[in-house]
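Computed from the coordinates by the stated procedures, all read-outs in this text should not be read as laboratory data. In this text the structure is predicted, and so the values were computed from the model without any measurement. Neighbour counts run over all protein chains shown; Cβ positions are idealised from the backbone, glycine included.
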Amino acid sequence: MFERPLIGNGADGTAPGQAGVPGGILYGNGGNGAAGVNATDRSRRHRAHRRVTARVAVAADAPRY
C-alpha cells in the first residue's frame with residue numbers, strides 16, 4: 001500500500017550522487033547517500049573545456065587574408 005516497510009532501515013545509494021532509500025514508516029533510518037563525482041573526473045572535464053576555449057581564442061586572433 002505505501003511501498004515502504006513499517007519497520008526497517010533503508011538501502012544505501014549505489015550510483016555516484018544517488019540518495020539513500022527512506023527507512024520504515026514507524027521505525028528505521030534512511031540509507032546513506034553514495035559518494036559524489038570524484039575530483040579527477042571534474043578536473044578532467046575542466047581541462048577539456050579550457051582547451052576548447054583556448055582554440056577558439058587563438059582562431060579569433062588569427063590574421064585574416
inquiry  = For the pair L6/A19, report the inter-label distance in nm, with labels modelled 7 Å from Cα in the Cβ direction.
reply    = 2.6
key: Local net charge near G31, Cβ-Cβ under 13 Å (Lys/Arg +1, Asp/Glu -1)   = 0
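Taking the Cβ of A11 as the centre, find all other residues whose Cβ is under 14 Å away and add up their charges (Lys, Arg: +1; Asp, Glu: -1). List each step's numbers first, then the result.
Working: positive: R4; negative: E3, D12.
Once all neighbours under 14 Å are counted, the net charge is -1.
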